[in-house]
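Following: one structure in structure tokens, then a few remarks.
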Amino acid sequence: MIKKIGVLTSGGDAPGMNAAVRAVVRTAISKGMEVYGIRRGYVGLITGDIFQMDARSVSDIIHRGGTMLYTARCPEFRTEEGLDKAKAKCEELGLEGIVVIGGDGSFRGAADLSARGILCVGIPGTIDNDIACTEYTIGYDTAMNTAMELADKLRDTSQSHDRCTVIEVMGRNAGHIAVNTGIACGAIEIITKEMPYDLDNIAKKMLEMKKTGKQNFVVVVAEGIGHAEEIARTLQEKTHVESRATVLGHVQRGGSPTLRDRVVASEMGHYAVELLEQGIGNRVVGMQQNKIVDFDIQEALAMKKPYDERLHHMAEEIGF
Ligand code: ADP
Ligand code: F6P
């Protein structure tokens with residue numbers, strides 16, 4: 001029976017990470033385990049920035065964005081020496097299992113540590129929803145709602161000025177945030193890396209729409225495409241509709257998590273500890289058809305997440 005586990009958050013933070021940490025800590029305690037918080041992801045595991053947690057350590061965090069454990073990127077953890085130091089630290093403290101809350105990169109690290117005999121279970125925490133083995137990642141819903149609220153504000157001023165507003169949303173190389181936010185804020189066009197696009201066609205479409213009386217326009221661009229400024233400039237040149245670009249940026253990563261993020265994070269945190277309790281490691285927790293499931297880390301990393309082309313086409317059909 002596993003008696004001592006650690007928990008860390010790694011990579012980019014995401015709203016709901018705190019709810020996951022809370023669930024891990026409380027589940028472990030209710031199962032009679034000792035649980036340790038590891039600060040700043042793998043950095044803390046290497047340097048030993050580790051502290052014992054009790055039920056009160058996670059009071060008043062379920063509704064807070066960010067992560068109380070802090071997060072970091074740790075290049076040293078990608079090296080043999082870094083991994084050996086982390087393993088030695090786990091052995092010194094008697095940590096038999098670690099819950100790693102993060103993205104793909106963090107799971108690669110978790111797989112490496114699992115291969116050295118420390119049981120690791122990953123929980124998908126990233127606003128991008130770009131982890132293939134799961135339909136949902138913690139933070140996605142909050143980030144999209146934040147992006148939608150900001151897009152609504154931009155639309156107000158775009159309407160007053162008869163302008164076109166080009167809004168860049170996050171998502172590193174994935175257009176999942178963009179397509180959903182685009183639909184929710186009534187964009188006439190959503191530009192993502194996954195689908196072809198043509199600025200000439202978008203400009204033509206705007207001019208057609210102008211003839212029907214439409215005077216302001218929202219275009220959502222995924223971060224992977226970039227160039228929001230350039231797209232706005234080009235559309236202005238081609239249509240003579242005054243255009244402005246706004247890059248929403250890191251505001252999308254903060255804020256109080258939505259109900260969905262809090263609930264999914266709680267479920268995943270609870271499930272991860274159940275796996276460790278049974279001595280199961282090298283797994284990633286995921287959600288499939290609304291059920292919490294788990295996968296071998298290597299298998300999970302080899303999967304490809306499809307882009308929802310149907311949703312994208314639907315957006316095009318109603319965005320005019
Ligand atoms: P995310 O987990 O959000 O994808 P990163 O890709 O930045 O974020 O990864 C977070 C951390 O995970 C890295 O700083 C590093 O410590 C560790 N990591 C990433 N890739 C690997 C890898 N290939 N092998 C071992 N550790 C890795
Ligand atoms: O992976 C989450 C994310 O917010 C991406 O959408 C974005 O590309 C990246 O992290 C930004 O990373 P950083 O906080 O290091 O600038």
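Filtering segment 297-320 down to residues that are open to solvent by less than 60 Å² (accessible area, probe 1.4 Å) and in a helix (DSSP H, G or I), which residue is nearest to MET195 (Cα to Cα)?
HIS312
Give segment 246-285 a look and list any residue that's touching a His at 6+ places or on another chain (Cβ under 9 Å) and open to solvent by 10 Å² or more (accessible area, probe 1.4 Å), or say none.
Passing the criteria: SER256, ARG262.
Among the residues of segment 188-242, write down those that are assigned to a helix (DSSP H, G or I), under 23 Å from ASP156 (Cα atoms) and polar (S, T, N, Q).
Those that are assigned to a helix (DSSP H, G or I), under 23 Å from ASP156 (Cα atoms) and polar (S, T, N, Q): THR234, GLN236, THR239.
Could you tell me which numbered condition GLY44 fails, if it satisfies all but one of (1) out of contact with any helix residue (DSSP H, G or I) (no Cβ under 8 Å at 6 or more places or on another chain); (2) surrounded by fewer than 24 Cβ atoms within 10 Å (Cβ to Cβ)?
Exception for GLY44: condition (2).
Looking for whichever is over 22 Å from ALA132 (Cβ atoms), modelled with pLDDT of 95 or more and in contact with a strand residue (DSSP E or B) (Cβ under 9 Å, 6 or more places away or on another chain) here; the options are ALA245, ALA272, ALA265. Which one fits?
Just one listed residue meets the conditions, ALA245.
Does segment 1-42 hold any residues that are within 16 Å of ligand 1 (Cβ to nearest atom), more than 18 Å from the chain's Cα centre (by Cα) and basic (Lys, Arg), and which are they?
Selection gives ARG39 alone.
Among the helices (runs of 4 or more DSSP H) contained in segment 61-179, which hold 1 or more residues that are open to solvent by 50 Å² or more (accessible area, probe 1.4 Å) and within 13 Å of ligand 2 (Cβ to nearest atom)?
Correct list: 104-115.
Residues to consider are MET33, MET17; find the one that is within 25 Å of VAL263 (Cβ to Cβ) and surrounded by fewer than 24 Cβ atoms within 10 Å (Cβ to Cβ).
MET33
Which of the residues belonging to segment 192-217 are more than 16 Å from GLU317 (Cβ to Cβ) and of a type in the set (A, V, I, L, M)?
Selection gives LEU199, ALA203, MET206, LEU207.
If you go through segment 190-242 one residue at a time, how many are in contact with a helix residue (DSSP H, G or I) (Cβ under 9 Å, 6 or more places away or on another chain), among the small types (Gly, Ala, Ser) and open to solvent by less than 10 Å² (accessible area, probe 1.4 Å)?
Total meeting the criteria: 2.
For segment 136-144, does any single residue satisfy the condition of being free of Cβ contacts under 8 Å to residues at least 40 places away in the same chain and more than 11 Å from ligand 1 (Cβ to nearest atom)?
No, that holds for no residue.
The values are calculated or read from the model by the stated rules, or taken from the named source; none is laboratory data. Just so you know, these numbers come straight off a predicted model, no measurement behind them. As a convention, Cβ positions derive from the backbone with ideal geometry for all residues, glycine included, and neighbour counts pool all protein chains shown. Calculation scope for accessible area: heavy atoms of the full protein, side chains included, ligands and nucleic acids excluded. Shrake-Rupley method; radii C 1.70, N 1.55, O 1.52, S 1.80 Å.
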